[in-house]
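Let me begin by presenting the structure, written as structure tokens, before commenting on it.
The values are calculated or read from the model by the stated rules, or taken from the named source; none is laboratory data. What you see is a predicted model, and the numbers here were worked out from it, not measured in a lab. Virtual Cβ from ideal backbone geometry, glycine too; neighbours counted across all protein chains shown.
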Amino acid sequence: MKRDMELIKQLLLSYEEETTFIASAHDEDKVYHHVKILRDAGFIITDSYPPKNGGAYTYKDRLTWDGHEFISLIKQNEIWEVIKSEFKEATVETMLTVGKQIATEWAKNKVQHLLGKNS
């Protein structure tokens, strides 16, 4: 199954917002597959919590540091469009590295523009 970058973005944002992802627009197997590859990539992890009052363990997925880093990049539309179009077949590590490099260059250009404008 190919990665669906829009679905990955939607899933990550739902984890960040701690909302339940509604899979109505997607096949449940496709969503499950993408959750698994987000785990494989190290963007989400499952924590377990001990039972209370003799109940069962509970499990909850949460974002990792890299997951938060990737979300901060893909929230910037310019970066997201480049990653989605130019690096859709790249590894997640490459996407994260490229996204950080684009963000760094964008920030440098913004600072130069502001400094040039204010001097």
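Before moving on, here are some points about what is shown:
- Meets criteria (under 26 Å from residue 106 (Cα atoms), in contact (Cβ under 8 Å) with a residue 40 or more places away in the chain and not basic (Lys, Arg)) for residue 63: yes
- Residues (aliphatic (A, V, I, L, M), in a helix (DSSP H, G or I), farther than 15 Å from residue 11 by Cβ and out of contact with any Leu (no Cβ under 8 Å at 6 or more places or on another chain)) located in the range 64-94: 82
- Matching residues, the range 31-48, being crowded, with 17+ Cβ neighbours inside 10 Å, closer than 16 Å to residue 96 by Cα and touching an Asp or Glu at 6+ places or on another chain (Cβ under 7 Å): 43, 44
- Here residue 110 qualifies as modelled with pLDDT of 80 or more, of a type outside the set (A, V, I, L, M) and surrounded by fewer than 15 Cβ atoms within 10 Å (Cβ to Cβ).
- Scanning the range 65-88 for residues that are more than 17 Å from residue 102 (Cβ to Cβ) and either modelled with pLDDT under 85 or surrounded by 16 or more Cβ atoms within 10 Å (Cβ to Cβ) (or both) returns a single hit, 67.
- The range 8-30 - residue that is loosely packed, with under 15 Cβ neighbours inside 10 Å and assigned to a loop (DSSP other than H, G, I, E, B) and, of those, modelled with the highest pLDDT: 17
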